[in-house]
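Participant: Could you have a look at this structure, given as structure tokens, before my questions?
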Amino acid sequence: MCGIAGVFGYSGSTSAALERIGRDMGTSLNHRGPDAGDVWVDASLGIVLAHRRLAVVDLSPAGNQPMLSRSGRLVIVFNGEIYNHQEIRAELRAAGLNTAWKGTSDTETLATALEHWGIAATLERMVGMFAFAAFDTVSRTLTLARDRFGEKPLYYGWAAGTFAFASELKAIRCLPGFRNGVSRHALAEYLRYAYVPAPLSIHEDIFKLEPGCTLTIDRTPPTAPPRHVLMAPATHGSLRLQRYWSVAETVARGQASEIQSEPEALELLDARLNEAVRLQCQADVPLGAFLSGGVDSSAIVALMQRQSSRPVQTFTVAFEEAGFDESMHARAVARHLQSDHSELRISAEDARNVIPSLPYMYDEPFGDSSQIPTHLLCRAARKHVTVALSGDAGDELFGGYNRYFWGPRIWDSMSMLPYHARQMLSRGLRRAATLPLDRMVGTRRAQGVVRASEKLHKLAHAMQGARSVDELYRNLCSHWKNPQSVVLGGDCSTGWRLLPEEVERCLANTHDPRARMMLQDAVTYLPDDILCKVDRAAMAISLETRVPFLDHRVAELAWRMPLSMKMRGGTGKWALRQILYRHVPRELIDRPKAGFAVPVGQWLRGPLRGWAEDHLDARRIEREGFLDAAPIRKVWAEHLEGRNDWTSQLWSVLMFQSWLLSAAPGSRS
């Protein structure tokens, strides 16, 4: 795992000055790659490519970057892992390419394959997670590419008079004269979702490359950014965005070729998952796995242990907060599988101590509070391993989220009522959710009541204004439902997600609301929240994470399985559970789904109240000029009084305010 950065078309600068820029950009990404780093410069073209390396495969200098292809025509900076790179090498040999490899790194495989087959054919063959930049010194073409699901980040855009790209925004902020202000459009979308959705970034004129896409610039970058947000396929002068792989098109193909035989589907799933785990367990450094004791992580660890001749290292965190500790389930699964299990006990103070580092870690506002336990888990694992496998994406692929069940079920019941009656019911539920929360902290039973109240409040919030099951889902995904009323600067919200055209077509042809929810989660929530959360939490302490469920061949198989093989009897992930039950007794697994959370809402009423008051001070908010203090202060007062649970809304504002304090001065305008 690594960090990459660069500029193209930087005019009027010497090689030495460009090299300094590249090294500054690379240095800002040291946490992503502490083992080595270098730059490649061509001052005549105003281009510099920078790289920081976390050595995982081939620890020798032969794997260092930037790397030249065999002929020297291509220059590569690469972040990620190509799990099937040995198979690609074998295919290159079978094609008659006789090469003396300098080392065993997947970067060298990538450089050789790109030179031999070109971009499109190489991407088609790659199984992995990645973001890379390849510069062709003959055609003077720069190509950026991002993996199919967006496991690895890649930003691009215009700053300080040049085109730039990087794994994280902090590298672009290193450019001399950086002055990109806060995008109010992105800020409104952030308050809605608690993350900035691709292709937006929090900065004006800087964007995220969408998953499964390439960006190509021929010879000279456009001198100015586009007037509107680009989504692939699109062009802007010499810049071309293309989509080489699409979640929606894969879903559509899967729906057209569903597997009807359950035994066949289960055997295929078992084989594909075993192969994905086998490939992702390849490393030249210590490797382990996260284990929560839930279906997804337990399945991954079970398959790892099945293939390993020694105990797999597994990691979990145990929380002292009553009602939030699920570590006993992980302990039971680890004992059954005989993994080498490590459990880190975390106090509330340990968790709260992470908060000041979040703005730098995430680099743009990020409001999913499970970022806190995620980072603590990564930090615990990093003491023992350099690579950790996770069970992420099981919910999106196999129907695990609770909203897939009770959302359509509730709508079926609600829809029989007239709209105005539904709104009265929503208001009644909100009143029922009001509890004397400040008196109930400290006991396990109280924690359960508080959680039930939070869910009731979330349901009431989702019902408000919903005229269809799709609008109910949208409300479930929205924190501030009308963020344009909070963000100053006019109507700066799209009102709903920025979705590619092929996703809209697939949604229109998908009739089951559960399948529509799963598709939208796979193209939005998964890359922009879940994968972003884990990448930043892990790479902040130089830990590589891998996601076997996102081997695209596993995902393609999952989308060929009808919903009846995923959701059955009120329970999600039916097919995945059948695979897991071959290795772990169902009594260790079958229990209600639990989230990975800390009691932020309670902390805001208690130990974090002073910190929150400083960030939510009306005079400060008015002075900064981005948000309207009145609705925020109203929500804050209701939360403190226990009249409503506004944890998610407040946390998103607090993370923006914290980020704004830590951002470069030029970004505040």
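Participant: Go through (1) buried (at least 23 other Cβ atoms within 10 Å of the Cβ); (2) of a type outside the set (D, E, K, R); (3) assigned to a helix (DSSP H, G or I); (4) free of Cβ contacts under 8 Å to residues at least 60 places away in the same chain for T314 and report which single condition fails.
Facilitator: T314 satisfies all of (1) buried (at least 23 other Cβ atoms within 10 Å of the Cβ); (2) of a type outside the set (D, E, K, R); (3) assigned to a helix (DSSP H, G or I); (4) free of Cβ contacts under 8 Å to residues at least 60 places away in the same chain except (3).
Participant: Please find, within the stretch 613-654, the residue that is farthest from L191 (Cα to Cα) out of those that are at pLDDT 95 or above and aromatic (F, W, Y).
Facilitator: W636
Participant: Among all residue pairs at least 6 apart or on different chains, which show Cβ distances below 8 Å where the first residue, located in the stretch 9-23, is closer than 20 Å to A166 by Cα and the second is assigned to a loop (DSSP other than H, G, I, E, B) and hydroxyl-bearing (S, T, Y)?
Facilitator: Note: pairs meeting the criteria are G9/T220; G9/T223; L18/Y10; I21/Y10; I21/S13.
Participant: Shifting gears a bit: Name the residues in the stretch 525-552 that are in contact with a Lys or Arg (Cβ under 6 Å, 6 or more places away or on another chain), part of a helix (DSSP H, G or I) and either among the polar types (S, T, N, Q) or surrounded by fewer than 24 Cβ atoms within 10 Å (Cβ to Cβ) (or both), would you? Talk me through it step by step, then tell me what you get.
Facilitator: Applying the first criterion (in contact with a Lys or Arg (Cβ under 6 Å, 6 or more places away or on another chain)) to the stretch 525-552 yields 539, 541, 543, 552.
Now narrow it down to the ones that are part of a helix (DSSP H, G or I): 539, 552.
Hit for the stretch 525-552 is H552, nothing else.
Participant: Continuing with this model, one more query. Between a residue in the stretch 227-250 that is part of a strand (DSSP E or B) and any residue that is open to solvent by 80 Å² or more (accessible area, probe 1.4 Å), which pairs come within a Cβ distance under 7 Å, given they are 6 or more apart or on different chains?
Facilitator: Filtered contacts from the stretch 227-250: L241/P233; Q242/P233; R243/P233.
Participant: Looking only at residues that are open to solvent by 10 Å² or more (accessible area, probe 1.4 Å) and among the hydrophobic types (A, V, I, L, M, F, W, C) in the stretch 201-233, which one is farthest from Q371 (Cα to Cα)?
Facilitator: A224
Participant: Which ones in the stretch 135-154 are in contact with a Leu (Cβ under 6 Å, 6 or more places away or on another chain), under 18 Å from R243 (Cβ atoms) and either modelled with pLDDT under 95 or assigned to a strand (DSSP E or B) (or both)?
Facilitator: L144, R146, listed by residue number.
Participant: Quick check on R173: is it at pLDDT 95 or above, under 23 Å from V41 (Cα atoms) and among the charged types (D, E, K, R)? Walk me through how you get there before you give the answer.
Facilitator: Values: at pLDDT 95 or above: yes; under 23 Å from V41 (Cα atoms): yes; among the charged types (D, E, K, R): yes.
Here the answer is yes, as R173 does meet what is asked.
Participant: Does G569 satisfy being free of Cβ contacts under 8 Å to residues at least 24 places away in the same chain, under 30 Å from T250 (Cα atoms), surrounded by fewer than 20 Cβ atoms within 10 Å (Cβ to Cβ) and not aliphatic (A, V, I, L, M)? Break it down into steps so the answer makes sense when it comes.
Facilitator: Values: free of Cβ contacts under 8 Å to residues at least 24 places away in the same chain: yes; under 30 Å from T250 (Cα atoms): yes; surrounded by fewer than 20 Cβ atoms within 10 Å (Cβ to Cβ): yes; not aliphatic (A, V, I, L, M): yes.
Here the answer is yes, as G569 does meet what is asked.
Participant: Continuing with the same structure: Does the stretch 82-104 contain at least one residue that is under 24 Å from the mean Cα position of the chain (by Cα) and in contact (Cβ under 8 Å) with a residue 60 or more places away in the chain?
Facilitator: yes
Participant: Another question, if that's okay. Given the conditions (1) open to solvent by 10 Å² or more (accessible area, probe 1.4 Å); (2) in contact with a Ser or Thr (Cβ under 6 Å, 6 or more places away or on another chain), and given that G161 satisfies all but one, which numbered condition is not satisfied?
Facilitator: Result: G161 fails condition (2) only.
Participant: Can you report the number of residues in the stretch 15-64 which are under 26 Å from L239 (Cβ atoms), open to solvent by 60 Å² or more (accessible area, probe 1.4 Å) and not in a helix (DSSP H, G or I)?
Facilitator: Residues in the stretch 15-64 being under 26 Å from L239 (Cβ atoms), open to solvent by 60 Å² or more (accessible area, probe 1.4 Å) and not in a helix (DSSP H, G or I): 1 in total.
Participant: Scanning the stretch 414-437 for residues that are modelled with pLDDT of 65 or more and within 30 Å of L526 (Cβ to Cβ), which turns out surrounded by the most Cβ atoms within 10 Å (Cβ to Cβ)?
Facilitator: M414
Participant: Among the residues of the stretch 190-200, is any within 19 Å of A164 (Cα to Cα), aliphatic (A, V, I, L, M) and at pLDDT 95 or above? Write out each step before concluding.
Facilitator: First, pick out the residues of the stretch 190-200 that are within 19 Å of A164 (Cα to Cα): 198-200.
Imposing the further condition that a residue be aliphatic (A, V, I, L, M) reduces the set to 198, 200.
Adding the requirement that they be at pLDDT 95 or above leaves 198, 200.
For the stretch 190-200, residues within 19 Å of A164 (Cα to Cα), aliphatic (A, V, I, L, M) and at pLDDT 95 or above: present.
Participant: Restricted to the stretch 613-628, and to residues that are aliphatic (A, V, I, L, M) and surrounded by 16 or more Cβ atoms within 10 Å (Cβ to Cβ), which residue is nearest to T647 (Cα to Cα)? Lay out the reasoning, then the answer.
Facilitator: From the stretch 613-628, those aliphatic (A, V, I, L, M) are 616, 618, 621, 627; that's our starting set.
Next, only the ones that are surrounded by 16 or more Cβ atoms within 10 Å (Cβ to Cβ) stay: 616, 621, 627.
Values: L616: 14, I621: 19, L627: 18 Å.
Looking at the filtered set, the residue picked out is L616.
Participant: Checking the conditions here, which among G610, G595, G606, G601 is of a type outside the set (K, R), open to solvent by 40 Å² or more (accessible area, probe 1.4 Å) and at pLDDT below 95? Even if it seems obvious, please write down each step before you answer.
Facilitator: Working: G610 fails: at pLDDT below 95; G606 fails: open to solvent by 40 Å² or more (accessible area, probe 1.4 Å); G601 fails: open to solvent by 40 Å² or more (accessible area, probe 1.4 Å).
Only one candidate passes the filter, namely G595.
Participant: Do we find a residue being assigned to a helix (DSSP H, G or I), of a type in the set (A, V, I, L, M), open to solvent by less than 20 Å² (accessible area, probe 1.4 Å) and modelled with pLDDT of 75 or more anywhere in the stretch 401-413?
Facilitator: Step one: filter the stretch 401-413 for residues assigned to a helix (DSSP H, G or I), giving 403-413.
Still in the running and of a type in the set (A, V, I, L, M): 410.
Checking the rest, the ones that are also open to solvent by less than 20 Å² (accessible area, probe 1.4 Å) come to none.
No, the stretch 401-413 contains no residue that is assigned to a helix (DSSP H, G or I), of a type in the set (A, V, I, L, M), open to solvent by less than 20 Å² (accessible area, probe 1.4 Å) and modelled with pLDDT of 75 or more.
The values are calculated or read from the model by the stated rules, or taken from the named source; none is laboratory data. Please read these numbers as outputs of a predicted model, since none were measured by experiment. Glycine gets a Cβ as well: all are built from the backbone with ideal geometry, and neighbour counts include every protein chain shown. For accessibility, only protein heavy atoms count, side chains too; no ligands or nucleic acids. Shrake-Rupley method; radii C 1.70, N 1.55, O 1.52, S 1.80 Å.
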